[in-house]
Each structure stands twice: as C-alpha cells, then as structure tokens.
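This report concerns only the one structure given below.
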C-alpha cells in the first residue's frame, strides 16, 4: 500500500532527526513487499514564521487533511517567544485534527541503562494514554488586573465564600486558568485505553487524577472510568493520584501496564516515563485520531544548541515512525523497525552521546536502516 506522509521537520535538531526517521521508513518499505511512501514536506516552524509571520494557514491545514499521517521533528526556537510555535503549530494541529489520544509507550530496551537501581527491561514496559484536547490545555483564562471594579469584586466574593480569604484586588493581580473535562472526551480516551490493553494483552488499567482536591473536574473523570470499566470485566482497574503515581513509577514501574490520564497530568508523568526508559532520546509519542489524521513525533524538544552538529539521538523519532507504521496497519514493517532499533541498542556499537557513545545522528540512522533491510 502507498501512504502519503506529511513531514514537518520543524526547528533545531528536528530536521536532522526526521531525516533519519524517513531513512528508516524507506528501508522498512524496501524490505516489506507492497509498502510504499510518498513524503511531502511542509515548512511550518520557526524559520517559516520569522520569514512570513505565518504559523499554519488554512490552506496548509487543508493539504494536511489529505495526508495519511503527519511526521513531526521538533518545534521551538529562542528567536520566537515561548508558546507561539507550541500553540500556533503543535496544539493547533492536535485540536484541528481532533487528535484526542496522546499515546506514549514507556519501554526500556536491552542494552540501555535504567537510572533506577535494580530495574531492567523486564520491569519497564507499559503505555501511558493521555487525553490530548481538554483539561487545562483548552486555553481558557486570563488576568484580572485592570478589569472593572465590579469584575474584581466578583473574584473577591468567590474567594471569600469559598476559602474565607480576602484578596486586595486594588493592589494585587489575579490570574486564572480553567480546565475542562467533558463526559464525551473522558469516555473516548478511557475506552481507547481499555481497547489498547485488550489488544496488547495487558490485564490492568490504572486511572490517574487528583480527585481528592480538584473534585469537580476529576470526579467526573472517575465516574466515567468506572462506567467504561464495566465493559471490560477481564481487565483489573485501579485509581492513582498523580503525585502518588510519580512515586510508584520510580519505585515499582513493573506494576504498570496501561495508564490513562487527563491532559496535564499525562504531560508531566510521560517525561518521567522517558527518563526511566533511558532518556528523551528514546521516547516517541503519537497524537492520534483513530478516525482521522494522526501525528507522530519524538517527545523531546528542538535542542537548538545541538542543531547542525550531528549529535542528536534520532531513535525517539525512528520509534515514532514505528508507531506510525503500526497505526497505518503496517504491522510487519513496524515490527522490523522496532526489532532493528532493539538490535542496534543491544549491540551497543553505534550510540549517540546521551547513551554514552560517540556516534553521530546519521550513524544511528544508517545502522537502524541497515538492520531493517535485513530483517
């Protein structure tokens, strides 16, 4: 089958790691009868924004909607204010294409050192399913400074009624951010987590929240989780507060099989997950709409200080390509890419500096591509 893939190299090390990801995908296609790719590059990122003032125009969204998937390198540039590219490109694509699943495999491969004492590949192998379009990321909020006295009086009265606190609104400033949890949004991501567990042969799904303090939003999340769980009686369930699960990720990562979490908590705990699997250079992610256009990327940033030096680890990007293959139904090719990565890591001959080696970005891509062709 021929797949049209949108490639957004992005900023910093993005173009370097995405180049190796494409190289490995082409090698997998060469080794898999009937598999073909058409890669179409899109310029969105800092360079394009600084040159044109444009982030992602409607015409670009229309073109991306015709693709089978999006392959993203990285976004971020010190010349652009924080949040401009993240909201104007990354979040815009996630929300426009309703990529309501953020899927993060947390897997330690043989040959990679785990920073947790006594833990090996048999202890770190689970999935985090993060809701991707709700919670505090809906960008509803503002500041009360400079508002009318009547509006500030409302803020004061809320605090007085709720907490017995008096806020001096004449001298101070109030900032607020509203999180949104919907029944529909919760149900679809939680159901995806249970279906993933069933498909992968996992027997436990852990729900993460902070319902003991943020009761309005996360009590709804818990309610929906319990309702969905009834449809999967063979799967064990449990609840965990977000602060507790960070502790248990470190102490007993082997306990976890599939973890499902609202947006903000998922953003936090998946970086911890990346560390216990050997670092950000090994951590891929998928922004998934099961019925639409999905986007796959490494979860690391653009690391501008390393750009152009051929030192960045491309394995997270390569593994993001592996996730894309699996999503597209190309299971055979996906298995070849993952096996190729695993063999290169286990041999330990070709490694970038973050894994204790001296190999370049392109060296790692070449090694994985060569393995994939042979499998």
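Observations on the structure shown:
- Take the Cβ atoms of residue 291 and residue 252, set R0 to 51 Å, and the FRET efficiency comes out at 0.90.
- Mean-position separation - Cα centroids, region 74-120 and region 291-309, in angstrom: 7
- Gyration tensor verdict on region 302-375 (Cα atoms; rounded if a/c is under 1.5, prolate if a/b is larger than b/c, oblate otherwise): oblate
- Available extension along the chain between residue 243 and residue 79 is 55.6 nm, counting 0.36 nm per residue and deducting the alpha carbon span.
- Sites residue 51 and residue 215 - FRET efficiency at Förster radius 51 Å, r taken between beta-carbons, to 0.05: 0.60
- Projected onto its three principal axes, the C-alpha set of region 1-144 covers 49, 46, 28 Å, listed from the longest axis down.
- Take the Cα radius of gyration of the chain and divide it by 2.2 N^0.38 Å, N being the number of residues; the result is 1.05.
- Alpha-carbon centroid distance for the pair region 327-346 / region 19-67, whole angstrom: 21
- Packing, as the average of other Cβ atoms within 10 Å across residues, places the peptides 295-304, 323-332, 46-55 in the order 295-304, 323-332, 46-55, highest first.
- Cα→Cβ-extended label distance, 7 Å offset, between residue 140 and residue 268, nm: 2.1
- For residue 227 and residue 95, a Förster radius of 25 Å and the Cβ-Cβ distance give a FRET efficiency of 0.45, rounded to the nearest 0.05.
- Rel. contact order, % - alpha carbon contacts under 8 angstrom, at least six apart, the chain: 26
Read-outs: derived from the displayed coordinates by stated rules, not from any lab. Because the structure is a prediction, the values reported are computed rather than measured. Note that we place each Cβ from the backbone using ideal geometry, even for glycine, and neighbour counts take in every protein chain shown.
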